[in-house]
Amino acid sequence: MFILVPTISIGQRCYYEKDEIDKNTNLVIRRTAPINLCKVNGHPFSFKSQQIGDRKYLKLRYFRYNNFSIIEGSKFIFYFQNGDNLMIEPLEIKKKPKTEQSGFSTTSSLIIYQLSKDVFNILLDNLVVEVGFYSNTGIMKQEIKAKNQDVIQQLLVCIL
């Protein structure tokens with residue numbers, strides 16, 4: 001019993017990269033530290049959550065090795081334990097021209113998903129057992145290990 005109590009309390013703790021009130025707008029700004037959901041193409045597939053005022057976001061960071069990439073603007077699919085699924089679209093972001101520094105190009109990408117109240121609540125209420133996305137090699141699905149199936153819920157609780 002003594003071993004379980006510290007583990008449970010650690011699991012409920014939120015770790016933030018940013019947690020403040022903006023001085024100009026008085027909006028709450030929270031951004032969690034990233035948590036790895038699974039591995040794709042042998043590299044971490046990590047998410048973090050963010051809140052700016054009443055707007056809520058999920059941010060996906062993945063690595064583009066071995067010519068792997070997620071198709072820009074494509075939907076991301078969460079598959080739940082009860083058999084249902086949820087598709088979300090990324091936020092469209094104006095891009096700056098790509099620049100290479102010292103001959104090296106960027107090897108990771110960040111995709112941002114704005115969450116409506118309905119989508120937020122669906123993700124908060126369901127364990128994610130698998131994710132799907134459209135890559136340059138076709139539609140891919142990645143199973144989530146049982147220990148990581150509540151990662152999305154943990155991130156969303158931190159920005160309630």
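The figures follow:
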| quantity | calculated |
| --- | --- |
| Residue match in the stretch 129-140 (condition: under 15 Å from residue 86 (Cα atoms) and touching a helix residue (DSSP H, G or I) at 6+ places or on another chain (Cβ under 6 Å)) | no |
| Output for the stretch 43-82, where each listed residue is small (Gly, Ala, Ser) and touching a Leu at 6+ places or on another chain (Cβ under 8 Å) | 46, 49, 53 |
| Close pairs (8 angstrom Cβ cut-off, 6 or more residues apart or separate chains): under 20 Å from residue 63 (Cα atoms) and touching a residue at least 60 places away in the same chain (Cβ under 8 Å) in the stretch 24-51, surrounded by fewer than 14 Cβ atoms within 10 Å (Cβ to Cβ) and of a type in the set (Phe, Trp, Tyr) anywhere | 32/15 |
| Cβ pairs under 7 Å, 6+ apart, first in the stretch 128-146 and closer than 12 Å to residue 38 by Cα, second small (Gly, Ala, Ser) | 141/132 |
| Residue 23 at negative phi and touching a strand residue (DSSP E or B) at 6+ places or on another chain (Cβ under 6 Å) | no |
| Residue within the stretch 59-66 that is among the aliphatic types (A, V, I, L, M), within 23 Å of residue 145 (Cβ to Cβ) and surrounded by fewer than 16 Cβ atoms within 10 Å (Cβ to Cβ) present | no |
| Candidate set: the stretch 128-143, residues that are part of a strand (DSSP E or B) and of a type in the set (Val, Ile, Thr); chosen: the one surrounded by the fewest Cβ atoms within 10 Å (Cβ to Cβ) | 139 |
| Lone qualifier among 68, 120 - being touching a strand residue (DSSP E or B) at 6+ places or on another chain (Cβ under 9 Å) and modelled with pLDDT of 95 or more | 120 |
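The values are calculated or read from the model by the stated rules, or taken from the named source; none is laboratory data. Not measured: the values here are computed from a predicted model. Glycine also receives a Cβ, built like all others from the backbone with ideal geometry; neighbour counts cover every protein chain displayed.
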